[in-house]
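Asker: Below are the structure tokens for one structure; questions will follow.
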Amino acid sequence: MTEIIVVTSGKGGVGKTTTSASLATGLAIDGKKVAVIDFDVGLRNLDLIMGCERRVVYDFVNVVHGEATLKQALIKDKRHETLYVLAASQTRDKDALTQEGVEKVLNELTAEGFDFVVCDSPAGIEKGAHLAMYFADHAVVVVNPEVSSVRDSDRILGLLSSKTRRAEKGEAPIKQHLLLTRYNPNRVEAGEMLSVKDVEEILGISVVGVIPESENVLAASNAGVPVILDENSNAGQAYKDTVARILGNERPLRFLEPVKKGFLKRVFGG
Amino acid sequence: MSARAESLEAACDLRFGQVGIACVRVRRVDAAALVEELERRVRSAPQMFTRAAVVLDLSHLPRLPDDGMVDAMLEAIRSAGMLPVGLAYGTSETEALAERMGLPLIAKFRAQYEPAQGEAAAAAPAPVAATPRAAEPAPVPGVEPGAAATAQHHAGSAVRSGQQVYARERDLVVAAAVANGAEVIADGSIHVYGSLRGRAMAGAQGDETARIFCSDFRAELVAIAGHYRVFEDIPKEFEGQAVQCWLDSGKLMIARL
């Protein structure tokens, strides 16, 4: 049975694509057959983060319009056997996607025996975001610890429970996972950032993971390597924990405590 | 390829939107009086009413007039300078009539939002009290299917930003949080057992005895029967407290429980 996971947020720039890449890679490391689809038609980024931007020949829109087969468009990840990327089109706009077309692609992926399909949603609540979430079984709602992101996520949580196929058919609701990214315990302690508890309280659901703010994320993105593969970074480890939790395993939350600067750093700065 | 791609795109989009539309509610069958009344209205606000689309509402007549009379009334509206575009409300008779007249029946949303015997000037669930009779505001925009239009309660699940819950002709009980940017509206009283961070409007049809109760007050706005208060800053003495709101001779009162 193929499980469809949408990674969404409402607000832009909170880490949806970073999360999609790491989540898909993490699931593949676990041996699952995974496809990750970029729904951000016109502003494609996932291929960059996955490091396959120079191997895109056909894209998602081509498949939706029957201009290429799914097999032609799926890009096999160079690091993991069971991971495939379906890139977005950079030259088209979001209206190029249709509900029927998306459903056809998802059905084909199901028929191909994929365990997970990760849908990287565009920002906003327009057509692209709607189509990315419509067929989902799970939703990872990415939120930053600041008020505008929290409010947008609240809106998205509302849409997930009303504007999706599961909601329209009256089936079991989408499983919602709240993922807090760019978390900086020092700034939380200084009162400049919402805490995990604040966010959980406002949104009324608990987090599935907390990804600490980390320089490694940017470095990994620029290198085209999902940050989950960076064993030395806290962000990478936090993503590993998150993937394990989504797969039903228990992991304690880490990296929530402020890092105390050492004596020398305090004296000399750093 | 681009030609082919174009042909694959839909020729049009079909979208539903909600627009405000004036509604001519006929109180007695008298085409001549109707012309006179409407002409007076159009003269008083030509910018608003000249060539304005209106729907003809016959639901307040004891019985449906015959086709000739309805034709005469439609003609009366036209001669006053407005454009009738449909009939309002939907009994099966009105539906048959609309079909004979070749007009659409605009029924569904009105039926949801007005009481069956709605003489009380259909107060829109918004913090504005009096609405002109001839130009009722459109119903609550953006109601999502997930938010049931009538609900005794909305148990368990939070009312999210952008959602609205409206309890028609009864109290509303929300057993979860009401988020920033969400709205809970009731013709009766409102009880919120989670945080109230959004807007709460009780007595939406004008019931001044309606009250709002909540266990964790952080509201953006509360209103009872059209009297409202906005909270740019949550008053310190009420923030996070259990409070109730009520009307005391037209003044909106708030106190801790």
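Asker: Of all residues in the stretch B:60-98, how many are β-branched (Val, Ile, Thr) and surrounded by 18 or more Cβ atoms within 10 Å (Cβ to Cβ)?
Answerer: So the count comes out to 3.
Asker: List pairs: first residue in the stretch B:46-68 and closer than 16 Å to B:Ala88 by Cα and among the small types (Gly, Ala, Ser), second residue open to solvent by 20 Å² or more (accessible area, probe 1.4 Å) and assigned to a loop (DSSP other than H, G, I, E, B) anywhere in the structure, Cβ distance under 7 angstrom, at least six positions apart or on different chains.
Answerer: Close Cβ pairs (under 7 Å, with a partner that is open to solvent by 20 Å² or more (accessible area, probe 1.4 Å) and assigned to a loop (DSSP other than H, G, I, E, B)) amount to B:Ala53/B:Ile21; B:Ser59/B:Tyr89.
Asker: Just to be sure, is A:Ala219 buried (at least 24 other Cβ atoms within 10 Å of the Cβ) and away from chain B (no Cβ under 14 Å)?
Answerer: Criteria not met by A:Ala219.
Asker: Something else: Can you tell me which of A:Asp95, A:Asp38 is surrounded by 20 or more Cβ atoms within 10 Å (Cβ to Cβ) and touching a helix residue (DSSP H, G or I) at 6+ places or on another chain (Cβ under 8 Å)?
Answerer: Answer to the check: A:Asp38.
Asker: Being assigned to a helix (DSSP H, G or I) and open to solvent by less than 10 Å² (accessible area, probe 1.4 Å) is the filter here, so list the residues in the stretch A:107-130 that pass it.
Answerer: Result: A:Leu109, A:Gly128, A:Ala129.
Asker: Check A:Glu189 against each of (1) open to solvent by less than 60 Å² (accessible area, probe 1.4 Å); (2) of a type in the set (Asp, Glu); (3) more than 12 Å from every other protein chain (Cβ to nearest Cβ) and name the one condition it does not meet.
Answerer: Going through the list (1) open to solvent by less than 60 Å² (accessible area, probe 1.4 Å); (2) of a type in the set (Asp, Glu); (3) more than 12 Å from every other protein chain (Cβ to nearest Cβ), A:Glu189 breaks only (1).
Asker: With on the phi > 0 side of the Ramachandran plot and either open to solvent by 20 Å² or more (accessible area, probe 1.4 Å) or within 14 Å of another protein chain (Cβ to nearest Cβ) (or both) as the only criterion, which of A:Gly204, A:Gly158, A:Gly224 stands out? Steps first, please.
Answerer: Details: A:Gly158 fails: on the phi > 0 side of the Ramachandran plot; A:Gly224 fails: either open to solvent by 20 Å² or more (accessible area, probe 1.4 Å) or within 14 Å of another protein chain (Cβ to nearest Cβ) (or both).
Matching residue, one of A:Gly204, A:Gly158, A:Gly224: A:Gly204.
Asker: Let me ask something else. Would you confirm, using the coordinates I've provided, whether A:Arg79 is in a loop (DSSP other than H, G, I, E, B) and in contact (Cβ under 8 Å) with a residue 60 or more places away in the chain? If you could, list the steps in order and put the result at the bottom.
Answerer: Values: in a loop (DSSP other than H, G, I, E, B): yes; in contact (Cβ under 8 Å) with a residue 60 or more places away in the chain: yes.
Yes; evaluated as a whole, the condition is true for this residue.
Asker: Let me ask something else about it. Scan the stretch B:241-254 for residues that are open to solvent by less than 30 Å² (accessible area, probe 1.4 Å) and over 16 Å from B:Glu183 (Cβ atoms) and report the count.
Answerer: Of the residues in the stretch B:241-254, 4 are open to solvent by less than 30 Å² (accessible area, probe 1.4 Å) and over 16 Å from B:Glu183 (Cβ atoms).
Asker: Then there's this: Any idea how many residues of the stretch A:173-186 are open to solvent by less than 20 Å² (accessible area, probe 1.4 Å) and within 19 Å of the chain's Cα centre (by Cα)?
Answerer: Kept after step one, since they are open to solvent by less than 20 Å² (accessible area, probe 1.4 Å), are these residues of the stretch A:173-186: A:174, A:178-181, A:183, A:185.
Subsequent filtering for residues that are within 19 Å of the chain's Cα centre (by Cα) retains A:174, A:178-181, A:183.
Residues that pass the stated criteria total 6.
Asker: Considering the stretch A:46-69 alone, what residues qualify as being in contact (Cβ under 8 Å) with a residue 40 or more places away in the chain and open to solvent by 10 Å² or more (accessible area, probe 1.4 Å)?
Answerer: Of all residues in the stretch A:46-69, those in contact (Cβ under 8 Å) with a residue 40 or more places away in the chain come to A:46-53, A:60, A:63-64.
Correct list: A:Leu48, A:Ile49, A:Gly51, A:Glu53, A:Val64.
Asker: For the stretch B:195-238, give me each residue that is within 15 Å of B:Val178 (Cβ to Cβ) and surrounded by fewer than 18 Cβ atoms within 10 Å (Cβ to Cβ).
Answerer: B:Ser215, B:Leu221, B:Phe231, B:Ile234
Asker: Let me ask something else. Restricting to the stretch A:80-92, give me the number of residues that are exposed (fewer than 14 other Cβ atoms within 10 Å of the Cβ) and over 25 Å from B:Asp13 (Cβ atoms).
Answerer: Pass one, the stretch A:80-92, residues exposed (fewer than 14 other Cβ atoms within 10 Å of the Cβ): A:81, A:91.
Filter again for over 25 Å from B:Asp13 (Cβ atoms), leaving A:81.
Here the count works out to 1.
Asker: Check off (1) in a helix (DSSP H, G or I); (2) in contact with a Lys or Arg (Cβ under 8 Å, 6 or more places away or on another chain) for A:Gln90 and give me the number that stays unchecked.
Answerer: (1)
Asker: Select from the stretch B:167-214 the residues that are within 14 Å of chain A (Cβ to nearest Cβ), in a loop (DSSP other than H, G, I, E, B) and touching a Lys or Arg at 6+ places or on another chain (Cβ under 8 Å) and list them in ascending order.
Answerer: Passing the criteria: B:Ala177, B:Ala179, B:Asn180, B:Gly181, B:Ala182, B:Arg197.
Asker: Going by what's in this entry, would B:Ile254 be described as out of contact with any Asp or Glu (no Cβ under 7 Å at 6 or more places or on another chain) and outside any loop (DSSP other than H, G, I, E, B)? Lay out the reasoning, then the answer.
Answerer: Working: out of contact with any Asp or Glu (no Cβ under 7 Å at 6 or more places or on another chain): yes; outside any loop (DSSP other than H, G, I, E, B): yes.
Taking the combined requirement at face value, the residue satisfies it.
Asker: Now, a different point. Assess whether A:Cys119 counts as being modelled with pLDDT under 95 and within 18 Å of the chain's Cα centre (by Cα).
Answerer: no
Asker: Still on this structure, I have one more. How many residues, within the stretch A:198-241, are in contact (Cβ under 8 Å) with a residue 60 or more places away in the chain and not in a helix (DSSP H, G or I)?
Answerer: The qualifying residues number 5.
Asker: Turning to a different aspect of this structure: Would you mind telling me which numbered condition in (1) surrounded by fewer than 18 Cβ atoms within 10 Å (Cβ to Cβ); (2) part of a helix (DSSP H, G or I) A:Gly170 fails?
Answerer: The one condition A:Gly170 does not meet is (2).
The values are calculated or read from the model by the stated rules, or taken from the named source; none is laboratory data. No experiment lies behind these values; they were computed from the predicted model shown. Neighbour counts run over all protein chains shown; Cβ positions are idealised from the backbone, glycine included. Calculation scope for accessible area: heavy atoms of the full protein, side chains included, ligands and nucleic acids excluded. Shrake-Rupley method; radii C 1.70, N 1.55, O 1.52, S 1.80 Å.
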